[in-house]
Amino acid sequence: MACYPQYDSDRNHVGFMCGGLGEPCRECGDIAEYLCDYPVGEGRTCDRLLCGFHADRVGPDLHYCPFHSTEWEKFRETGGVKNVLENVIPFKTV
C-alpha cells in the first residue's frame, strides 16, 4: 500500500495518507492530480505526474512541471510569444 506525504498550506509536512490513491507526484511524493502539458514534439506532452503545489497553471486546464514552467517563462520574457504570434497568418474564408 502506497503512503503519500501530506502538507499544510505553508508546505510544512504534517503526516502521511496511505491507500491506493493513484500515482505520486514526481517532485514530492504527494498525490498527483495533474500531468505536465508542455509539448515535447510529435503531438506528445511531458506528462510528468504533479501534485497541485508543483503544477504551474499556465492556462485553462493547462499545467507545466517546474522545469518546463521555467522554460516557458524564459520563452515569454525573451519575446518568444510575440515573435511567434507576429508570424501567424490569419485564416480567410472565400
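Here are the numbers for this structure:
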quantity	calculated
Residue count, segment 11-38 (criterion: without any contact (Cβ under 8 Å) to a residue 12 or more places away in the chain and within 20 Å of the chain's Cα centre (by Cα))	1
Subset of segment 54-94 (residues that are of a type in the set (Gly, Ala, Ser), closer than 26 Å to LEU35 by Cα and assigned to a loop (DSSP other than H, G, I, E, B))	ALA55
Test: residue in segment 59-78 that is among the aliphatic types (A, V, I, L, M) and free of Cβ contacts under 8 Å to residues at least 24 places away in the same chain	no
GLY41 being touching a residue at least 24 places away in the same chain (Cβ under 8 Å) and surrounded by fewer than 15 Cβ atoms within 10 Å (Cβ to Cβ)	no
Looking only at segment 1-24, and only at residues there that are in contact with a Gly (Cβ under 9 Å, 6 or more places away or on another chain) and not aromatic (Phe, Trp, Tyr), the one that is surrounded by the fewest Cβ atoms within 10 Å (Cβ to Cβ)	MET1
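The rows are residues; the columns are (1) hydrophobic (A, V, I, L, M, F, W, C); (2) modelled with pLDDT under 95.
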site	(1), (2)
SER9	no, yes
HIS13	no, yes
CYS28	yes, yes
ARG44	no, no
ARG57	no, no
SER69	no, no
TRP72	yes, yes
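The values are calculated or read from the model by the stated rules, or taken from the named source; none is laboratory data. Source: prediction; values computed, not measured. Because the Cβ atoms are built from the backbone with ideal geometry, glycine has one as well, and the counts that use them run over all protein chains shown.
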